[in-house]
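Read-outs: derived from the displayed coordinates by stated rules, not from any lab. Computed from a predicted structure; not experimentally measured. Neighbour counts run over all protein chains shown; Cβ positions are idealised from the backbone, glycine included.
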Amino acid sequence: MKYYAVYDTNVLISSLLSKHNDSSTRKVIDAVASQRVIPLYNEEILAEYNDVLHRKKFKFSEERIHALISLIKKFGKSVSASSTGEILPDMDDLVFYEVVMEKRDDDAYLITGNTKHFPVRNFIVTPSEMIQILEQAENDLY
């Protein structure tokens, strides 16, 4: 089974910072490459990824940044977001919420390390929770 998901920028950062291949943030990125998760994005989200991942404090190489964003674009789906009227603690996060809401009919998830920045909803999950969802779906097949 395939899932749609919006990846919050902090998940991408954590995956690039992780030294462990079995970390939940690495696994949810690997799920894109294995096509178990179809990332959702729009131009505003891609611009955010590009801006934040290029911050000097992270010291990510251009190659790693390009590879990650290219992966998302190659296997992902561009989605136009509509206004939800939602007020979030950090309004910079609104675009991630609005994109996921466009695909809620397809059971899309928002994967974030900062769940407190979003309303409490069963489709707003941490990377670990998304891995559990993927593993449960695999178990249900057998």
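Filtering I124, I72, I65, I131 for residues that are within 18 Å of D30 (Cβ to Cβ), β-branched (V, I, T) and in contact with a Leu (Cβ under 7 Å, 6 or more places away or on another chain) leaves a single hit, I65. For region 1-18, taking the residues that are within 21 Å of K116 (Cβ to Cβ) and part of a helix (DSSP H, G or I), the one that is farthest from the chain's Cα centre (by Cα) is identified as L17.
Within region 78-120, the set of residues being over 16 Å from L12 (Cβ atoms), aliphatic (A, V, I, L, M) and either in a loop (DSSP other than H, G, I, E, B) or within 14 Å of the chain's Cα centre (by Cα) (or both) comprises V79, A81, I87, L88, L94, M101, A108, V120. For region 19-64, the set of residues classified as assigned to a helix (DSSP H, G or I) and either polar (S, T, N, Q) or without any contact (Cβ under 8 Å) to a residue 40 or more places away in the chain (or both) consists of S24, T25, R26, D30, E43, L46, A47, N50, D51, E62, E63, listed by residue number. Residues that are hydrophobic (A, V, I, L, M, F, W, C) and surrounded by 13 or more Cβ atoms within 10 Å (Cβ to Cβ) within region 85-110 comprise L88, L94, V95, F96, V99, V100, M101, A108, L110, listed in sequence order. On the given criteria, is D140 of a type in the set (D, E) and either part of a strand (DSSP E or B) or closer than 28 Å to D22 by Cα (or both)? For D140, the condition - of a type in the set (D, E) and either part of a strand (DSSP E or B) or closer than 28 Å to D22 by Cα (or both) - is met.
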